[in-house]
Amino acid sequence: MKIKVLFILPSLRAGGAERVMSFISQSIDKDTFSPTLLIIENESESVYEIEGIPCVYLSKKRTLNAFGAIFSFLKKEKPDVVLSTLAHVNTMMAIQSIWFRKIKFIGREANVLSVLGKIQKNNSLLHKVFSAKRFYNLLDILICQSEDMKKDMITNYNLKPENITVINNPISDKFNLKEKNNIDEIPNFITVGALEKRKGHERILESLSMLDFNFRYTIIGKGSEKENIELKAAKLGLSNKIKFIPFSNDINTHLHKSNLFLLGSFVEGFPNALIEAIATGTKAIVFNCPGGINEILEPGINGYIAESNEEFSRYIKKALNENSDPKTIAKGVRERYDRDKILKLYENLFLKLNEK
């Protein structure tokens, strides 16, 4: 009998959690597992194609509105394991676990919540009542993507270490190694990520304004901060150097054309865009922040970690003047976050929980 695994996502919009969960659900061993993907929002919002597994859309505008529909789905389908991601969905599934004692519930956390909460404050009564601190202990297991996230959950959310497992994000098949790191007369930089405050685009722009040479900078992503980022670029005299792309299904090609990947985040979970950039052989210049940065970056090999705008700017110059063999840059990341290695960790977790 195959183990029925239900993956629950708020949507299939462009995002790291959505990309990882859709990849895992479609890639686990179909001889052992029977996966189903349950999406809270409607299909029109989806940017990821789902093939080879059932995908059910509840067409709800808000996660809370889906409580009854998910409850009915669990009651009817009786999965063996439920894996959800993102804090608000994890919290709801933790509450539902009270009624479904035979099902094993796994939450996959996507950020260092205590730090994120300081950057993106949510003072609503609903958020306070249905908080991770209040309900995460009802989950059978919480998957953390980084050691920083695990420490945060133990220290600030009172989770027991034995109820947490660390599984990093995998590199999908879409990101292959470039042949060379050719630097044109004008170097090309790239950032991939939501245009939100937590991603720190403005401090990247401030660092770029310190450079004394010409460059091109591509920003792939969309979000509420786009206008502010554009105003900041104009104020710094960088508008003519920047190209905005809301979304692309071929990030790999953009990375192959880029000399450096730039990350300005104030907090991360375990940045997919960073490991994918390095996997193509593209060095990264990043600001130090909680969320796996120090696990991914090998300073001097695949990039540098900066503590200030001035240091970020200096590291850009340094990296452009160094030997940039794609194989050397990508080696460590490709070994540690190989797709088959990460998939096996998920499969072993499902098997272990199903035995209990």
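The values are calculated or read from the model by the stated rules, or taken from the named source; none is laboratory data. Fair warning: this is a prediction, and the values are worked out from it, not measured in the lab. Positions of Cβ are backbone-derived with ideal geometry, glycine not excepted, and every protein chain shown enters the neighbour counts. Note: accessible area is taken over every heavy atom of the protein model, side chains too, but ligands, DNA and RNA are not part of it. Shrake-Rupley method; radii C 1.70, N 1.55, O 1.52, S 1.80 Å.
So which residues in the stretch 166-196 are among the charged types (D, E, K, R) and either open to solvent by less than 50 Å² (accessible area, probe 1.4 Å) or within 30 Å of S25 (Cα to Cα) (or both)?
Scanning the stretch 166-196 gives D173, K174, K178, E196.
How many residues are open to solvent by 10 Å² or more (accessible area, probe 1.4 Å), among the hydrophobic types (A, V, I, L, M, F, W, C) and within 13 Å of the chain's Cα centre (by Cα) when one looks only at the stretch 264-278?
Total meeting the criteria: 1.
Condition first: β-branched (V, I, T), free of Cβ contacts under 8 Å to residues at least 24 places away in the same chain and open to solvent by 30 Å² or more (accessible area, probe 1.4 Å). Can you find one or more residues in the stretch 133-154 that meet it?
Yes, the stretch 133-154 contains a residue that is β-branched (V, I, T), free of Cβ contacts under 8 Å to residues at least 24 places away in the same chain and open to solvent by 30 Å² or more (accessible area, probe 1.4 Å).
Tell me which of these K317 doesn't satisfy, since it passes every other one: (1) open to solvent by less than 50 Å² (accessible area, probe 1.4 Å); (2) under 20 Å from N182 (Cα atoms).
(1)
Do we find a residue being among the aliphatic types (A, V, I, L, M) and open to solvent by 40 Å² or more (accessible area, probe 1.4 Å) anywhere in the stretch 199-220?
Looking for residues that are among the aliphatic types (A, V, I, L, M) and open to solvent by 40 Å² or more (accessible area, probe 1.4 Å), one finds at least one in the stretch 199-220, hence yes.
Going by the structure shown, is E18 exposed (fewer than 15 other Cβ atoms within 10 Å of the Cβ), among the charged types (D, E, K, R) and in contact (Cβ under 8 Å) with a residue 12 or more places away in the chain? Steps first, answer last, please.
Details: exposed (fewer than 15 other Cβ atoms within 10 Å of the Cβ): no; among the charged types (D, E, K, R): yes; in contact (Cβ under 8 Å) with a residue 12 or more places away in the chain: yes.
Answer is no for this residue.
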